[in-house]
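Below: the structure, in structure tokens.
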């Protein structure tokens, strides 16, 4: 396994270009199962999760090819399998995104139950309840759920809680169902809007994306289309926080500023200078960062996927900050590692109380999940001395060439093999 060795104390300066959004690319790839015609996706990042989705789609019979222009060609002319096996689902929970397209296209699917997750329980019961309302029958045995339907029909669906992958699966199942499907209390994330824009190019009839009520009118079939994935707002936010944490001056290119407004608001409150442009953001940090409170919420609230990184920033801010996590029950696993670096953090239920310290010190730390790993990298950039970040395969799931991008900004970071 690889690890990062980081020598802290260096300001990040320069420009960084953000990659395509992982959380948009995965449902876009799954959506290609809905048509026999070829689809072309532009800007798909080179990540472990993308490779896992490629393996899954190929196992179903989809042809997947990349070219040198960062274009991905997908053709599901003939689907030969309808099962998402445990071997793939256990490494990437987003594998469940093939459920909706398979039931829509083949009227059946067999998906391994996702099981546990380091950051908390993420069941798929809302996905299954929606399919049942649309006329599907559900059976569960031996760790798998099997879904079958002679015909999917439009239905009125209410989500008990906004679910991103659930909303995406419901939309993809409904696009070729008979009649109209209304999804209420739908998730509003930009990645869902991106998926809808792609499906609309394929011939789907959808209204209301980006709001809490989405209307899908079923069509007889979809065609192939070409689409460019939106920039990754979480990668952008991670580099924005890293720039602020190192008193840096960095231009974040290829991002959508309106997707980052909750983070921007909190950074301005902390005393960070932000300059916004059409498709970029400049961040100018300083040594007098103020402590601020955050509460994670579904979009457009403060994203849970930036909570750990923001906590790293708060470890040396002046004052006391309270970070409340409302999305996932176990998303403070990184706290013990930050405390190894000298952070003063106390956990009370779903609140992390962070008392700013003068400085962090480098230490060996271990990554527990993707965003926790990003927080530890930021802490390493801030710290005095050397930080060894172990188990960085988690980071490779969601950050494309992270160490290379940071190095170009002046960070002293290198990837080495574990002995």
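Values in this text are rule-based calculations from the coordinates and carry no lab data. These numbers were taken from a predicted model, which means no experiment stands behind them. No Cβ is skipped: glycine too gets one built from the backbone with ideal geometry, and neighbour counts run over all protein chains shown.
Side notes on the structure shown:
- Residue in region 150-165 that is under 28 Å from residue 77 (Cα atoms) and part of a helix (DSSP H, G or I) present: yes
- Just one residue in the set 72, 53 is surrounded by 14 or more Cβ atoms within 10 Å (Cβ to Cβ) and closer than 15 Å to residue 96 by Cα; that residue is 53.
- Apart from one condition, residue 103 fits all of (1) in a helix (DSSP H, G or I); (2) over 27 Å from residue 130 (Cβ atoms); the exception is (2).
- Subset of region 292-322 (residues that are surrounded by 20 or more Cβ atoms within 10 Å (Cβ to Cβ) and farther than 28 Å from residue 186 by Cβ): 292, 311, 312, 313, 314, 315, 316, 317, 321
- Wholly enclosed helices (runs of 4 or more DSSP H) of region 305-419 bearing at least 2 residues over 23 Å from residue 260 (Cβ atoms) and in contact (Cβ under 8 Å) with a residue 24 or more places away in the chain: 335-340, 393-396
- Only listed residue being buried (at least 22 other Cβ atoms within 10 Å of the Cβ) and more than 21 Å from residue 21 (Cβ to Cβ), chosen from 177, 149, 186: 177
- Residues that are over 19 Å from the mean Cα position of the chain (by Cα) and part of a loop (DSSP other than H, G, I, E, B), drawn from region 277-300: 277, 278, 279, 285, 286, 287, 288, 289, 291, 292, 293
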